[in-house]
Amino acid sequence: MTEGLKEVVETAGGLREAMARFPTGVAIATVRDERGLPHGLTVSSFCSVSLDPPLVLLCVARSAQCFPVFARASEFAVSVLREHHAELAARFATAGAEKFGPGGLGRTARGGVVVDDALAVVECLVEQRHDAGDHVIVVGRVVGTHLTESGAPAVYFNRRFAALGPAS
């Protein structure tokens, strides 16, 4: 073993600790149920899959309260957060929290619920779902994007929010 590295034997715990050391962007993914009510959660597993066709994916834990809605929704929206959205990200990561209370959210022309002043918003139609252990990978075909001029993204590293300087 390389000097300075500590071996963690328990696989799930070791993976959790290793992934905490991988900085990720922070986003909020939202869907609407059959009655039009919004549901959502904070995600760090969000990435592009393909440019042609334009596809992205996000991973949703089966244990998430909103999982049943994500499991059957035909579309979703993802808001890429700025550094000052950390409180909103924490709210959407908390089970039982009033996620869609006043302030911080708006709707797109398609009806998606998104974060006001997000760095970017991606609206998608669900293309595929894949079982992946205790999560489901949701692949979406991008049908709309909304971008802001610039700003510093929210970053999650070692179980804390951090910030990078604004993009130039």
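Placing +1 at every Lys and Arg Cβ and -1 at every Asp and Glu Cβ, with all other atoms neutral, what dipole size does region 23-156 have around its Cα centre, in debye to the nearest 20?
Computed about the Cα centre, the dipole is about 280 debye.
At each listed q (0.17, 0.20 Å⁻¹), what is the log10 of I(q)/I(0) that the Debye formula gives for region 17-90 modelled as equal alpha-carbon point scatterers? Each listed q maps to, in turn, -0.73, -0.97. Split the chain at each of the trypsin sites (Lys or Arg not before Pro) in a DSSP loop with at most 13 other beta carbon atoms within 10 Å, and the longest piece is 36-109. Once the Cα atoms are used to define both axes, helix 11-20 deviates from the longest principal axis of the chain by about 70 degrees. Shape analysis of the chain based on the Cα gyration tensor places the equivalent ellipsoid semi-axes at 26, 20, 16 Å, largest first. Just from its helices, what would the mean residue ellipticity at 222 nm be for the chain, if runs of 4 or more DSSP H residues each count -39500 (n - 2.57) and the sum is divided by every residue, rounded to the nearest 500 deg cm²/dmol? The helix contribution divided over the chain gives -3500 deg cm²/dmol. Cβ-to-Cβ counts within 10 Å put LEU37, LEU105 in ascending order as LEU37, LEU105, the fewest first. The GluC sites (Glu not before Pro) found in region 73-166 that occupy coil by DSSP, while having at most 15 further C-beta atoms within 10 Å, are GLU98, GLU149. Computed from Cα atoms alone, the Kirkwood hydrodynamic radius reported for region 58-142 is 13.8 Å.
The amide H of ASP33, built 1.01 Å from its N in the peptide plane, has HIS39 as neighbours under 5 Å, considering only residues 5 or more places off or on other chains.
Bear in mind that the values in this text are calculations on the coordinates, not laboratory data. From a predicted model like this one, the values you see are computed outputs, not experimental measurements. Neighbour counts are summed over all protein chains in view; Cβ atoms, including those assigned to glycine, are modelled from backbone coordinates with ideal geometry.
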